[in-house]
Amino acid sequence: MVQLAYGWGAPVRPYIAPVVTCRVAAAPWEHDEYWRLRREVFVEEQRLFAETDQDSHDDHALPIVAVTELLGMADEVVGAVRIYPISGEGDCITGARVWFGGRLAVASTYRRQGRVGRALIDTAVGTARTLGCDEFLAAVQRSNIPYFERSGFEFIRAAIVCGTPHGLMRARLECFPGVELGAQAAA
């Protein structure tokens with residue numbers, strides 16, 4: 001990020017777009033930026049992975065992006081999350097169709113506002129509900145558990161993911177209306 005300063009030395013705050021929309025990534029540039037942001041957060045910043053955070057779940061996951069708008073046009077991907085079914089035909093005992101969300105990443109300039117992360121969560125769970133989800137789970141880094149609890153999730157149990165303390169959490173589906181595929185959720 002470029003550090004700018006006024007002539008008298010006061011730093012200029014980075015531009016924060018007032019309009020951010022979340023949707024399943026469709027355009028090639030959205031996919032490219034989705035992967036760039038995940039790499040930036042999980043490989044370079046948090047160092048949870050040595051070279052890439054991609055795994056076999058990415059082969060069938062739906063990538064969801066938060067995109068800023070500038071002058072009414074899509075501009076920059078500032079958030080990402082993936083969702084995927086872990087029991088597509090339904091659990092053999094309960095018949096439930098379980099989906100999992102993960103790799104939620106928000107660009108550093110858009111963190112601590114709450115709106116991008118919450119819009120990604122709403123879009124992820126809402127999209128899974130539209131696709132027939134009966135249960136939605138997520139592994140959440142320990143420091144983010146309170147945020148997810150305020151966002152409609154309940155803590156199930158502690159877990160270790162990539163050597164880092166996490167909590168396995170379940171979405172209270174009644175808190176999340178379905179999202180039409182191709183629809184956009186505004187942040």
Problem - From phi via Karplus (6.51, -1.76, 1.60), per-residue ³J(HN,Hα) for the stretch 61-72 in Hz, x at Gly/Pro - result: 7, 8, x, 10, 10, 9, 10, 7, 10, 10, 6, x
Fill in the blank from the handout: Between Glu76 and residues 5 or more places away or on another chain, the pairs with built amide H atoms under 5 Å apart involve Thr68
Fill in the blank from the handout: Along the stretch 110-122, Karplus-curve 3J(HN,Hα) (6.51, -1.76, 1.60; θ = phi - 60°) to the nearest Hz, with x for Gly and Pro, reads 9, 7, 6, 9, x, 6, 6, x, 5, 5, 5, 4, 4
Completion exercise
Rounded to the nearest 10 degrees, the helix 28-38 long axis (Cα) sits at an angle to the longest Cα principal axis of the chain of 90 degrees
Fill in the blank from the handout: Heavy-atom accessible area of the chain with neighbours in place, 1.4 angstrom probe: carbon+sulfur share in percent works out to 54 percent
Problem - Cα gyration tensor, the stretch 6-70 - rounded (a/c under 1.5), prolate or oblate - result: oblate
Fill in the blank from the handout: Expected vector for the stretch 16-21, Karplus 3J(HN,Hα) from phi with 6.51, -1.76, 1.60 and θ = phi - 60°, integer Hz, x for Gly and Pro, equals 10, 5, x, 10, 10, 10
Fill in the blank from the handout: The set of residues whose placed amide H lies less than 5 Å from the amide H of Phe153, leaving out same-chain residues fewer than 5 positions away, is Arg172
Fill in the blank from the handout: Exposed GluC sites (Glu not before Pro) being those in a DSSP loop with at most 10 other Cβ atoms within 10 Å, the longest stretch of the chain free of them is 90-179
Handout entry: Given 11 as the ceiling on other Cβ atoms within 10 Å, longest exposed-site-free region of the chain for trypsin sites (Lys or Arg not before Pro) in DSSP loops
Key = 113-187
Exercise for the section: Would you be so kind as to identify which of Ala159, Phe49, Val67 lies farthest towards the positive end of the dipole of the chain, taking Lys and Arg as +1 and Asp and Glu as -1 on Cβ and the Cα centre as origin? Expected result: Ala159
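The values are calculated or read from the model by the stated rules, or taken from the named source; none is laboratory data. Nothing here was measured: the structure is a model prediction, and the numbers come from that model. Because the Cβ atoms are built from the backbone with ideal geometry, glycine has one as well, and the counts that use them run over all protein chains shown. Accessible surface areas use protein heavy atoms only, side chains included; no ligands, DNA or RNA. Shrake-Rupley method; radii C 1.70, N 1.55, O 1.52, S 1.80 Å.
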